[in-house]
1. Hey, which of the helices (runs of 4 or more DSSP H) in segment B:168-283, taking only ones fully inside, have at least 3 residues that are touching a strand residue (DSSP E or B) at 6+ places or on another chain (Cβ under 9 Å) and either farther than 26 Å from residue A:154 by Cβ or away from chain A (no Cβ under 14 Å) (or both)?
2. Kindly indicate the residue of segment B:125-136 that is closer than 18 Å to residue B:229 by Cβ and not in a helix (DSSP H, G or I) and also farthest from the chain's Cα centre (by Cα) among those meeting that condition.
3. Looking at residue A:245 and the list (1) within 16 Å of ligand 2 (Cβ to nearest atom); (2) over 26 Å from residue A:269 (Cβ atoms); (3) surrounded by fewer than 23 Cβ atoms within 10 Å (Cβ to Cβ), which single condition is not satisfied?
4. Just checking, which of A:46, A:79 is over 24 Å from residue A:211 (Cβ atoms) and either buried (at least 22 other Cβ atoms within 10 Å of the Cβ) or within 16 Å of ligand 2 (Cβ to nearest atom) (or both)?
5. Among the residues in segment A:110-127, are any surrounded by fewer than 22 Cβ atoms within 10 Å (Cβ to Cβ), within 16 Å of ligand 2 (Cβ to nearest atom) and without any contact (Cβ under 8 Å) to a residue 40 or more places away in the chain?
6. With respect to residue B:158, determine if the residue is more than 14 Å from every other protein chain (Cβ to nearest Cβ), at pLDDT 90 or above and in contact with a helix residue (DSSP H, G or I) (Cβ under 7 Å, 6 or more places away or on another chain).
7. Here are some residues: A:54, A:114. Which one is within 28 Å of residue B:186 (Cα to Cα) and in a strand (DSSP E or B)?
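The values are calculated or read from the model by the stated rules, or taken from the named source; none is laboratory data. These numbers were taken from a predicted model, which means no experiment stands behind them. With ideal geometry, Cβ positions are generated from the backbone for all residues, glycine too; neighbour counts draw on all protein chains shown.
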Ligand SMILES: Nc1ncnc2c1ncn2[C@@H]1O[C@H](COP(=O)(O)OP(=O)(O)OP(=O)(O)O)[C@@H](O)[C@H]1O
Ligand SMILES: [Mg+2]
């Protein structure tokens, strides 16, 4: 894992960030020592249904945060609101110190935040390599008039291609560079989408169920990639249903239910939280939640 | 049967003026639909913009021919792209389709209406704007050229048409294999994915609508120059339909697809036209089956039949790639 990926500041030490989390109180909406993403009073209703109603939530910089919750809890909707793919009815979002409420979705990537989708969006009729190269930002050849003057962008294109190949190699997908993305399996598409997001060189990646449908062998390598991203200083927020994985790689867990943040805490402690147990199993349930069982 | 006449007519369809006009418009539509995924069902209005941009500047306002060319190719398509695209390109793909169908008809009916007769010549259209173009012709108007296929002025239009067509195809090729082309293809595949990677999908769709419209305007303008008239009924809905046929026949999403498609379409039309006509005239086809005046319609029925067969046996078009097409179904 030596590819010089994200352009994160060297001051940003993941070890220190994780250590700092030990003193954070285990309560919903708690303030973090160094938040990169903050949502305040964010609400979204669909007709009569309140999909998201988050009073306050912060995501710590440089660590892996898991966002968990039962089906329909509002995790994907919250992702959409945080990345401006959807507009909230109320609330403010701040990324890396900037209020991003009015920033259009496509500019979020330029701010350094990239998301993936629960329903994978591989660009089927484009090659794996083209999928990757699309992710690079500030491409000169993407201007319509310049695009017709190849020598003005050929150099940059060659550099982007090298980057894309290095990343593909890292995700063990280099041998598929010329295949149509539409021919990939579901798990391979997940990998491709994640690798493609990294082409943006983001400060933060938001992964919506990156392991869903990925076979166990591949899951392990995917988990290692996610950990690798953190160790390079990137912030990771991911949605996941499999508690084994949450336990294994996350540094902090945020729990949603019925649109609200109901609990936060380190992965080891979250299973015995009464609110979480109630949310997953219904209230009036006595025993602590067995997080090793698949939910 | 006059084999010579059949061959001549077919060749004229294959490489002649009609083919060039429609190939240009289809190249534009290919940028819209084949590469960017925009459903433009009103390519005729961009063609009309080219024709009327030129003719109105020259005839109505007495401006220079080349000013007319500029207005018809650059200004009019720009105005149209903004009018059509601004309200629709943020919405789902079908909205552009509805608006373009309507716009093409509105434009045609407005241009046709006596109210605007002073500017557009209403249903008679405008003429006499292309003399500057023919003055440059090196061909003798009374001679025949290129295996006697084209008379002088026609030859000049065909020659310039081929040069313009070659440049248009080359420009399209440059665009599509560039990073810009990669972005518009990504938008065709999944707009949200493109946006999540920092691409302004709305803006790229607007650019694609415009540049494809410019190619459409080239086709329409050359047609007006070739027939020396800009008439509203040259831009009826059928025209858009032919452009689509050429594109689907040749293969959408392939740079040369629309060119091959238009050539084959017009070769088939001309071939069936002359064969049927000769059959009727020599009474090999009895009057009870078809009269001379029905030939025009029957050949379109044949084209329709051909399209049905194509959709069944080669849905990807002549140049298309079957494997690529099948990726949709996964
Ligand atoms: N576009 C929409 N229109 C109407 N209701 C919606 C829409 N999107 C989401 N919802 C509703 O909002 C609620 C939250 O949905 P969301 O997709 O955010 O859940 P989730 O936590 O991601 O669930 P899962 O774990 O199943 O992916 C659900 O009740 C859903 O039905
Ligand atoms: Mg979800």
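1. Once the helices (runs of 4 or more DSSP H) in segment B:168-283 are filtered for at least 3 residues that are touching a strand residue (DSSP E or B) at 6+ places or on another chain (Cβ under 9 Å) and either farther than 26 Å from residue A:154 by Cβ or away from chain A (no Cβ under 14 Å) (or both), what remains is B:201-227.
2. Result: B:128.
3. Tallying (1) within 16 Å of ligand 2 (Cβ to nearest atom); (2) over 26 Å from residue A:269 (Cβ atoms); (3) surrounded by fewer than 23 Cβ atoms within 10 Å (Cβ to Cβ), residue A:245 fails exactly one: (2).
4. Unique residue meeting the criteria: A:46.
5. yes
6. The answer is yes for residue B:158.
7. Unique residue meeting the criteria: A:114.
Results for (1) assigned to a strand (DSSP E or B); (2) away from ligand 1 (no atom under 16 Å from the Cβ); (3) more than 14 Å from chain B (Cβ to nearest Cβ), shown as yes or no for each residue.
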{"site": "A:58", "(1), (2), (3)": "yes, yes, yes"}
{"site": "A:62", "(1), (2), (3)": "no, yes, yes"}
{"site": "A:65", "(1), (2), (3)": "yes, no, yes"}
{"site": "A:70", "(1), (2), (3)": "no, no, yes"}
{"site": "A:77", "(1), (2), (3)": "no, no, yes"}
{"site": "A:80", "(1), (2), (3)": "no, no, no"}
{"site": "A:84", "(1), (2), (3)": "no, no, no"}
{"site": "A:87", "(1), (2), (3)": "no, no, no"}
{"site": "A:94", "(1), (2), (3)": "yes, yes, yes"}
